[in-house]
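The values are calculated or read from the model by the stated rules, or taken from the named source; none is laboratory data. As the structure is a computational prediction, the values presented were derived from the model and not from experiment. A quick note on method: Cβ atoms are made from the backbone with ideal geometry, for glycine too, and the neighbour counts reach across all protein chains shown.
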Amino acid sequence: MQVNADAKEGSPNKKIDCGAACSARCQLASRQKMCKRACGTCCARCSCVPPGTSGNRDICPCYATMTTHGGRLKCP
């Protein structure tokens, strides 16, 4: 799993492979395409994707707190 521990505040200094990280994160999602699209957006902004298929949001605060216009959590 790709996690950039230095990007806790969302600084895009270190780049990770968002495609691979999001594929791993979304492997059990029922809507793969939507999950990967949302995850990719979050990864590009935060340079961090939590490990595992769900949870572990405390590792990437930027990823965990991003919301949609409707106030729902954006990142899977």
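When the stretch 22-35 is filtered for residues that are assigned to a loop (DSSP other than H, G, I, E, B) and in contact (Cβ under 8 Å) with a residue 40 or more places away in the chain, the ones remaining, listed by number, are CYS26, ALA29. Filtering the stretch 36-76 to residues that are charged (D, E, K, R) and part of a loop (DSSP other than H, G, I, E, B) leaves ARG72, LYS74.
Of all residue pairs spaced 6 or more apart or on separate chains, those with beta-carbon atoms under 7 Å, a first member in the stretch 50-71 that is among the β-branched types (Val, Ile, Thr) and a second member that is in a helix (DSSP H, G or I) are THR53/ARG25. Against the criterion of being modelled with pLDDT under 95, part of a loop (DSSP other than H, G, I, E, B) and polar (S, T, N, Q), GLN2 qualifies.
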